[in-house]
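Q: Below you will find the structure I want to go over with you.
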Amino acid sequence: MINSDYFDVLNISDNQKSADMIQAVMGKKCLGAFFLNGSAKLYFQSGLREEVNIKLEEIHIDQMIEWNWETQSKENWHLAWQDHFKPVVIENKLAVIPYWENDYPVENIIKIKPGMAFGTGHHETTWLMLRQMLKYLQPGMSVLDLGSGSGILSIAAKIMGARNVDAVEHDLDCEENFYENLALNGIS
């Protein structure tokens with residue numbers, strides 16, 4: 001039974017490679033992940049535990065993975081991030097920092113509010129793209145951010161001087177957070 005008031009959180013005690021594999025196997029059912037010191041928290045809409053457990057049992061045959069479940073209120077989930085959210089720094093030129101921090105000693109700063117999009121800049125695909133953008137993006141270019149989530153790449157593109165940025169996201173839960181993050185960075 002689905003309850004929209006909370007998430008089911010899968011706690012995995014293992015290295016990040018196994019957690020990344022599990023996240024990939026779960027596809028769109030996994031809403032996001034948080035990694036810290038050899039453990040991971042994978043977030044799911046409520047009501048999917050049985051289906052996820054079946055898939056985990058299939059994976060467990062080849063992997064020694066320990067896991068357990070917890071429930072986290074949707075209205076409070078982001079508070080857990082605040083204690084562990086560390087800035088993501090790319091080549092000492094760009095930093096993704098939480099909105100409650102005031103400054104960071106780099107040229108380009110992106111402030112974000114962790115929200116339903118789960119975008120914090122910590123996922124490999126995000127920081128690898130930021131690194132490539134620092135390398136190749138020239139002022140005046142146009143950028144397409146497909147799967148924009150919290151908007152980090154779109155914001156980075158504007159900060160780096162992109163003329164046009166088109167951000168596309170099919171998950172409506174991301175929309176409010178995306179616009180909050182634009183406002184935090186002075187982008188309309």
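The values are calculated or read from the model by the stated rules, or taken from the named source; none is laboratory data. As the structure is a computational prediction, the values presented were derived from the model and not from experiment. So basically every Cβ, Gly included, is an ideal-geometry build from the backbone, and we count neighbours across all protein chains shown. Heads up: the accessible areas ignore ligands, DNA and RNA and are worked out on the full protein's heavy atoms, side chains in. Shrake-Rupley method; radii C 1.70, N 1.55, O 1.52, S 1.80 Å.
Q: Counting only protein heavy atoms and using a 1.4 Å probe, what share of the accessible area of the range 93-162 belongs to carbon plus sulfur, as a whole percent?
A: After summing per-atom areas, the C and S share lands at 56 percent.
Q: Which of Lys41/Lys86; Lys55/Lys86; Lys28/Lys74; Lys41/Lys135 have a Cα-Cα distance over 27 Å?
A: Lys55/Lys86; Lys41/Lys135
Q: Using a probe radius of 1.4 Å on heavy atoms only, what accessible surface per residue do you get for the range 129-183? Whole Å² is fine.
A: Accessible area per residue: 56 Å².
Q: Something else about it: With charges only on Cβ, +1 for K and R and -1 for D and E, what is the dipole size of the chain about its Cα centre, in debye, rounded to 20?
A: 680 debye
Q: Relative contact order for the range 107-188: what percent, with Cα pairs under 8 Å and sequence separation of 6 or more?
A: 37 percent
Q: Can you list the HN-Hα couplings for the range 135-151, worked out from phi with the Karplus curve (6.51, -1.76, 1.60; θ = phi - 60°), rounded to whole Hz and with x for Gly and Pro?
A: Per residue, the Karplus-derived 3J(HN,Hα) values read 7, 10, 6, 10, x, x, 6, 9, 10, 10, 9, 8, x, 5, x, 6, x Hz.
Q: Calculate, axis by axis, the spread of Cα positions in the chain along the three principal axes, and write the results as whole Å, longest axis first.
A: Largest to smallest, the principal-axis extents are 50, 32, 29 Å.
Q: A further question on this structure: Have a look at the DSSP beta bridges in the chain and tell me what percent are antiparallel, nearest 5.
A: 70 percent
Q: Using modelled amide H (1.01 Å from N, peptide plane; none on Pro or chain starts), what sits under 5 Å from the amide H of Ile110, excluding residues fewer than 5 places away?
A: Those lying under 5 Å, H to H, from Ile110 are Ala95, Val96, Ile97.
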